[in-house]
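**Student:** Below you will find the structure I want to go over with you.
None of the figures in this text is laboratory data; all of them are computed from the coordinates on show. Since the structure is predicted, the reported quantities are computational estimates derived from the model, not experimental observations. Here the Cβ positions follow ideal geometry from the backbone for every residue, glycine too, while neighbour counts run over all protein chains shown.
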Amino acid sequence: MTAGRVRVNGEVVTELGSKVDPVHDEVTVDGKPVSINDGSVYLMLHKPTGCLTTMDDPYGRPCVAALVPTDAYPGLFPVGRLDKDTSGLLLFTTDGELGNVLLHPKHHVEKTYEALIEGPLCDAELDPLRVGVELDDGPCNRARVTLITGDEPAAQVRITINEGRNRQVRRMFEAIGHPVIKLHRPAFGPLSLGDLPEGKWRMLSATEVADLKAATETM
Ligand code: URA
């Protein structure tokens with residue numbers, strides 16, 4: 001479809017959606033250089049448990065900064081945070097404007113979590129979360145919650161929330177009497193981790209960046 005017109009670092013690209021590093025790759029169309037975006041970098045990390053969402057820890061504890069290419073991309077910062085004991089998709093960017101929009105509480109970016117919680121549990125016990133459970137810092141918005149298995153000792157639940165308060169998912173499950181044992185975030189807004197291994201990062205594709213920006217425009 002691109003008929004050999006697009007080259008990345010001199011190589012013809014035949015696959016639409018090919019991954020491009022917007023800072024270091026040179027993209028040409030019909031031999032002319034084109035700008036993929038304003039030079040901002042967007043990547044996702046599969047954050048492992050046990051590391052802090054901070055770019056610098058004065059006590060030298062393991063933190064996400066060691067897992068992303070901070071030397072190649074100065075100014076990279078995480079959009080929001082995951083607790084030390086939570087794994088999953090953590091978005092990083094150098095685009096301060098988009099980062100702020102995604103984090104602003106008036107916007108409602110959906111975040112999906114897979115939680116292992118203390119069981120047993122029946123579906124009706126999740127109803128307070130679907131209505132909007134009360135926490136000590138105010139009522140939560142309604143969550144989408146699916147019970148995958150309610151078996152003892154641990155039940156498996158998938159929950160989607162559109163807020164980002166401190167330890168929110170853990171506090172929501174505590175509020176209904178089923179504390180979280182394990183928490184993982186497979187999706188953030190339109191982005192999914194897919195099969196990205198734990199501890200690894202990858203650049204977002206141009207389509208993913210466009211989807212992310214589109215998601216903030218419709219909020
Ligand atoms: N909610 C939590 O409780 N922890 C996280 O890391 C993210 C959401």
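**Student:** Quick query: amide H of Leu82 versus all other amide H atoms, modeled in the peptide plane; which residues come in under 5 Å with a sequence gap of 5 or more or a different chain?
**Tutor:** Close amide H contacts, sequence-distant or interchain: Thr53.
**Student:** Amide H to amide H, which residues 5 or more places from Glu110 or on other chains are under 5 Å from it, using H placed in the peptide plane?
**Tutor:** Result for Glu110 returns Gly189.
**Student:** Rounded to whole Hz and in sequence order, give me ³J(HN,Hα) for region 179-189 from the Karplus expression 6.51 cos²θ - 1.76 cosθ + 1.60, θ = phi - 60°, writing x for Gly and Pro.
**Tutor:** x, 6, 9, 8, 9, 9, 10, x, 8, 9, x
**Student:** Which angle between 0 and 90 degrees, to the nearest 10, do you get for helix 206-217 versus the longest principal axis of the chain when only C-alpha atoms count?
**Tutor:** With both axes taken from Cα atoms, the answer is about 50 degrees.
**Student:** Cα gyration tensor of the chain, axes a ≥ b ≥ c as square roots of the eigenvalues: rounded (a/c below 1.5), prolate (a/b > b/c) or oblate?
**Tutor:** Here the chain falls in the prolate category.
**Student:** Still on this structure: Using 0.36 nm times the number of residues separating His107 and Lys182, minus their current alpha carbon distance, what extension gain do you get?
**Tutor:** Contour length minus Cα-Cα distance gives 24.3 nm.
**Student:** Would you mind pulling out the separation of the Cα centroids of region 80-107 and region 180-219, in Å?
**Tutor:** Rounded to whole Å, the Cα centres lie 10 Å apart.
**Student:** Further question: GNM on the chain, C-alpha springs below 10 Å: top fluctuator among Val109, Val145, Val131?
**Tutor:** In this elastic network of the chain, the residue with the biggest mean-square fluctuation among Val109, Val145, Val131 is Val131.
**Student:** Do the sum for the chain: with -39,500 (n - 2.57) for every DSSP H run of n ≥ 4, divided by all residues, what is the mean residue ellipticity at 222 nm, to the nearest 500 deg cm²/dmol?
**Tutor:** Helices in the chain give a 222 nm mean residue ellipticity of -4000 deg cm²/dmol.
**Student:** Full-extension gain between Glu26 and Arg158, please, as 0.36 nm times their residue separation minus the C-alpha to C-alpha distance.
**Tutor:** So the chain would gain 43.4 nm between Glu26 and Arg158.
**Student:** Could you list which residues have their amide H under 5 Å from that of Leu135, counting only those 5 or more apart in sequence or on another chain, with H placed in the peptide plane?
**Tutor:** Cys140
**Student:** With a 10 Å cut-off between alpha carbons and a GNM built on the chain, which of Lys84, Lys182, Lys106 moves the most?
**Tutor:** Lys106
**Student:** Turning to a different aspect of this structure: With θ taken as phi - 60° and the coefficients 6.51, -1.76 and 1.60, list the Karplus ³J(HN,Hα) couplings across region 122-135 in order, rounded to whole Hz; mark glycine and proline as x.
**Tutor:** Going residue by residue, I get 10, 4, 4, 5, 8, 4, x, 5, 6, 8, x, 6, 8, 10 Hz, with x marking Gly and Pro.
**Student:** So what is the relative contact order of the chain, in percent, for Cα pairs below 8 Å that sit 6 or more residues apart?
**Tutor:** 23 percent
**Student:** Could you tally the net charge around Leu91, taking each other residue with its Cβ under 15 Å from the Cβ of Leu91, Lys/Arg +1 and Asp/Glu -1?
**Tutor:** Neighbour charge sum, excluding Leu91 itself: +2.
**Student:** Karplus couplings for region 71-81 from phi (6.51 cos²θ - 1.76 cosθ + 1.60, θ = phi - 60°), rounded to Hz, Gly and Pro as x?
**Tutor:** Computed from phi, the couplings for region 71-81 are 6, 6, 10, x, x, 5, 9, x, 8, x, 8 Hz.
**Student:** Can you bin region 167-218 into rounded, prolate or oblate? Criterion: square roots of the alpha carbon gyration tensor eigenvalues sorted a ≥ b ≥ c, rounded for a/c under 1.5, prolate for a/b above b/c, oblate for the rest.
**Tutor:** oblate
**Student:** Which length gain, in nm to one decimal place, applies between Asp57 and Cys122 when the Cα-Cα distance is subtracted from 0.36 nm times their residue separation?
**Tutor:** Here the segment from Asp57 to Cys122 would lengthen by 19.3 nm.
**Student:** Using the Cβ atoms and a cut-off under 14 Å, what net charge is assigned to the surroundings of Glu134, where Lys and Arg are +1 and Asp and Glu are -1?
**Tutor:** -1
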